[in-house]
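Step one of this worksheet: look at the structure below.
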2 protein chains.
Amino acid sequence: MSEAYGPGAARAGGGSAAEFAGLAKRAAELDLADPLRAKRTEFLLDDAGQPGAGRPGTGTPVIYLDGNSLGALPAAVPARVADVVAREWGQLRIRSWTESGWWTAPERVGDRIAPLLGAAPGQVVVGDSTSVNVLKAIVAGVRIAQSGAGAARDEVLVDATTFPTDGYVAESAARLTGCALRAVEPHEIAATAGPRTAVALVNHVDYRTGRLHDLPGTTAALHAAGALAVWDLCHSAGALPVGLDVHGVDLAVGCTYKFLNGGPGSPAYLYVRRGLQPRFDSPLPGWNSHAEPFAMSAGYRPADGAARGRVGTPDILSMLALEAALEVWDGVAIEAVRVKSLALSDFFLECVAALPGGSALTPLTPSAHAERGSQVALRCADAEGVMGELIAHGVVGDFRPPDVLRFGVTPLYTSFSDIYRAAGVLGEVLDDRR
Amino acid sequence: MSEAYGPGAARAGGGSAAEFAGLAKRAAELDLADPLRAKRTEFLLDDAGQPGAGRPGTGTPVIYLDGNSLGALPAAVPARVADVVAREWGQLRIRSWTESGWWTAPERVGDRIAPLLGAAPGQVVVGDSTSVNVLKAIVAGVRIAQSGAGAARDEVLVDATTFPTDGYVAESAARLTGCALRAVEPHEIAATAGPRTAVALVNHVDYRTGRLHDLPGTTAALHAAGALAVWDLCHSAGALPVGLDVHGVDLAVGCTYKFLNGGPGSPAYLYVRRGLQPRFDSPLPGWNSHAEPFAMSAGYRPADGAARGRVGTPDILSMLALEAALEVWDGVAIEAVRVKSLALSDFFLECVAALPGGSALTPLTPSAHAERGSQVALRCADAEGVMGELIAHGVVGDFRPPDVLRFGVTPLYTSFSDIYRAAGVLGEVLDDRR
């Protein structure tokens, strides 16, 4: 916790109306001292003077705590997309592949994301969905692990608590490479990896609970066992430091529509550690990853560098919307985002504990900062119904089965006052249901 | 050739200046009689009163004959994209996944494309790149072919003249399924298919020469051999009738940024014949193809129908730009497009034959209509240099190695006067080089 935000106090159980009300002043003070507060103006939210369609007719601005599912719209995006459509596509047309830099966008946008992941340039490429990149990473990872002395490695480990798509695609990748798939609790992957392990796919942050897994330790243990580490960064990139290079991560994937605010279904990214790139043997060797794509030769010869992870023609409208969205990161250190993220989730937990009805809520969010991502997850009876009422009252989080209320904190645009007001509405909804 | 456009005459060799000049009147007459001519106004081109940035400062409108590479911008797209960004993403945010129909867009847009392919609803899904869909189609096709009595089928045939990415990805799919890959000239695939053939991947139209391959005959021959037919429709969909259902095609893929005008890198589509859908076993079983995606269950259970071909979160900005672009097809029969396409390419060949310098050009475009796609390909010395000069003079086609000038005809917005003027500029460029 940095001095900017002051000390927080997480506590379980119910509080009192007076205790909760006292936190309003704290929220205002925290906002005033927030070094990132000016970033909020770079997003189109429902603040005064902005087009708030979230709750038509009510006049109450929406409090958006679902940026860990779909990031809010950065203000720079609409004009940029309009220019891409009307001028680059509509007027320059085919010439834009070179003149407007479309062709090289996957690597260029990748290099813009790279610092947020702790990656040096030339290792991140943008394109395809996270699922497709999981297939590339695991198949290519198994092939590397099985080369040379690793031929006997025939097992893929997957985080047993993973977001479903990773598990489904990991199973497919294992099947396609003749490996067995084994689901293991993330904290047990380090101890489970052995001489048969080719690759392990682990989520950096659990999408349900917000638990932050031990990337450095798990990666080191996988390497000690001779296996490769593939990390899914969907719920950590843009919320906290990842340190891909410093921790020697082999391969990583992630989406760009959560904390990176790229827009609905914006393209995902693939990180391939520089030292592995010459051995990266993709199951999707599309023409965009060819060393000379416009030679149109019948034989495949992979490009050097991050481009080796490309496949087909990149999706330009979404790619360039993402590029514009990434401008909000100018001048922002990911470490500062992390400090505010923890302060926000601490404050959320503090507000919940102070609610008179707070005992109906069980925080799943780990209390230890070292184990916490950038969301608050609360277990609650009829969580689906409660979230429906919250949304109807202008507090947007989401429900994850079977009984989890999930609230994302996105430090570039979430304020402490947002958190206070959201907790207040949550308290009212719970009161009304008693 | 329909009566609307009158008779054409293709002829090889050079003509005379007078002969060529005489074709100007024919072009004007053909345009006047063109039943599709009003469609041109639904595109943003460089016509009078439109923003023509193609050749800044010259005042000469660009003649765009590269719509077989990147379709022109339909007029409905800019406003639709602006609304998707500002309102659906910016204001409704996460709610748009249901309220704005984002979640179901891949099937909905697929059903909008389906009639152009001769497919009944529920068999086309939009998403990913063509390359990624080739992997899905071949791997799933091999698995179907190898089921039951087909276990010994261990060979994938691929069109030897294919666009490179299909060949590269087919090789990967063969490797992942333990098959051998065999490259065969497209007209020999029917005779080559045998008891070991699992799947053949064939291009409906050759991207270089514009040759239209025999989809009905080749498909029937593959079926007779017990194999599956996978067609790449990139250069035929939106230009001519495909007849997927009537010809019993098993699987098909294609892009949407050529004759379907979806914009740069707009998502591709996958067709899975209804009867095969229950057996479609995807190598990319992402969460979007799960029967209950939001149950977030650890076990994979595939959805019924076209959704089984989905993978990850769909790319909404590009998907909905495509949906808006498809509105230009309202009231258009693909048969009428085909009639005009052939009339345009006939007229182009007639113009080339009439050019005094026409003997420097060798048409690769088949003279028989039954073998012709929707482009004119001309072999020419220093084709790359010639195309560079054409573009500098406002005639935009493209160069394909080693020696091909390629001009797409896109009947919704290409006029006969465009063709006449383009041929005239080509003649001038060739004259200047002599």
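Every read-out reported here was derived from the displayed coordinates using simple, explicitly stated rules and does not represent laboratory data. From a predicted model like this one, the values you see are computed outputs, not experimental measurements. Cβ placement follows ideal geometry from the backbone for every residue including glycine, while neighbour counts extend to all protein chains displayed.
If eta is 0.692 mPa s and T is 37 °C, what Stokes-Einstein diffusion coefficient results for the range A:195-354, Kirkwood Rh from Cα pairs, in µm²/s?
Working: Rh = 17.8 Å.
It comes out at roughly 184 µm²/s.
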Using helices alone, I'd like the mean residue ellipticity at 222 nm for chain B: each DSSP H run of four-plus residues gives -39500 (n - 2.57), total over residue count, nearest 500. -10000 deg cm²/dmol
Under the convention of a label 7 Å out along Cα→Cβ, give the distances in nm from A:Asp330 to the same position in every other copy, shortest first. 4.1
In whole angstrom, note down how far apart the Cα centers of the range B:260-316 and the range A:290-323 are. 23 Å
Under the span-like rule (Cα at least 27 Å along the axis, Kyte-Doolittle mean at least 0.0), DSSP H helices of chain B: B:334-354
Please check: in the Gaussian network model of chain B (C-alpha springs, under 10 Å), which one of B:Gly388, B:Gly148, B:Gly226 has the largest mean-square fluctuation. B:Gly148
Taking the Cα centre of the range B:50-194 as origin, work out the dipole magnitude from +1 charges on Lys and Arg Cβ and -1 charges on Asp and Glu Cβ, in debye rounded to 20. 500 debye
What is the percent of Cα-Cα separations in the range B:79-329 that go past 30 Å? 24 percent
Calculate the mean, over all residues of peptide B:117-128, of how many other protein chain Cβ atoms lie within 10 angstrom of the residue's Cβ. 1
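Using only C-alpha positions, report the orientation-averaged shadow area of the convex hull of chain B, nm², one decimal.
Working: hull surface 86.6 nm².
It is 21.7 nm².
With a 10 Å Cβ neighbour count serving as the proxy for reagent exposure, in which order, fewest first, do A:Phe280, B:Phe407, B:Phe348, A:Phe163 appear?
Working: A:Phe280 23, B:Phe407 31, B:Phe348 28, A:Phe163 20.
Lowest count first: A:Phe163, A:Phe280, B:Phe348, B:Phe407.
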For the protein assembly as shown, just the Cα atoms, rotate onto the principal axes and tell me the three extents in Å, largest first. 95, 62, 44
Have a look at B:Ala220, B:Ala252, B:Ser289 and report the one farthest towards the positive end of the charge dipole of the range B:79-329, computed about the Cα centre with Cβ charges (Lys/Arg +1, Asp/Glu -1). B:Ser289
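Of A:Lys136/B:Lys136; A:Lys39/A:Lys258; B:Lys39/B:Lys136; B:Lys258/B:Lys340; A:Lys39/A:Lys136, which ones are farther than 25 Å apart at the Cα?
Values: A:Lys136/B:Lys136 13 Å; A:Lys39/A:Lys258 16 Å; B:Lys39/B:Lys136 35 Å; B:Lys258/B:Lys340 17 Å; A:Lys39/A:Lys136 35 Å.
Listed pairs above 25 Å: B:Lys39/B:Lys136; A:Lys39/A:Lys136.
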Among A:Val352, A:Gln123, A:Ala333, whose Cα projects farthest towards the positive end of the dipole of chain A, with charges put on the beta-carbon of Lys, Arg (+1) and Asp, Glu (-1)? A:Gln123
Among B:Ala149, B:Ala191, B:Ala76, the residue with the largest mean-square fluctuation in a Gaussian network model of chain B built from Cα contacts under 10 Å is B:Ala149
Report, for B:Ala291, each distance to the same residue's label point in the other copies, shortest first and in nm; define the point 7 Å along Cα→Cβ. 4.8
Give me the log10 of I(q) over I(0) for the range A:72-134 at q = 0.15, 0.21, 0.23, 0.28 Å⁻¹, as the Debye formula computes it from C-alpha points; what are the numbers? -0.63, -1.02, -1.06, -1.08
Using a 7 Å Cα-to-Cβ projection, A:Glu29 label spacings across copies, nm, ascending: 9.0
For peptide B:78-90, how many partner chain Cβ atoms fall within 10 Å of a residue's Cβ, on average? 6
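Hey, fewest Cβ within 10 Å first, where do A:Asp330, A:Asp431 land in order?
Details: A:Asp330 9, A:Asp431 13.
So the ranking, lowest neighbour count to highest, is A:Asp330, A:Asp431.
Averaged over peptide A:161-167, how many Cβ atoms belonging to another chain are found within 10 Å of each residue's Cβ? Provide the component values of the computation, followed by the final result.
Details: counts 1, 1, 2, 12, 13, 2, 6.
Other-chain Cβ atoms within 10 Å of each residue's Cβ, averaged: 5.
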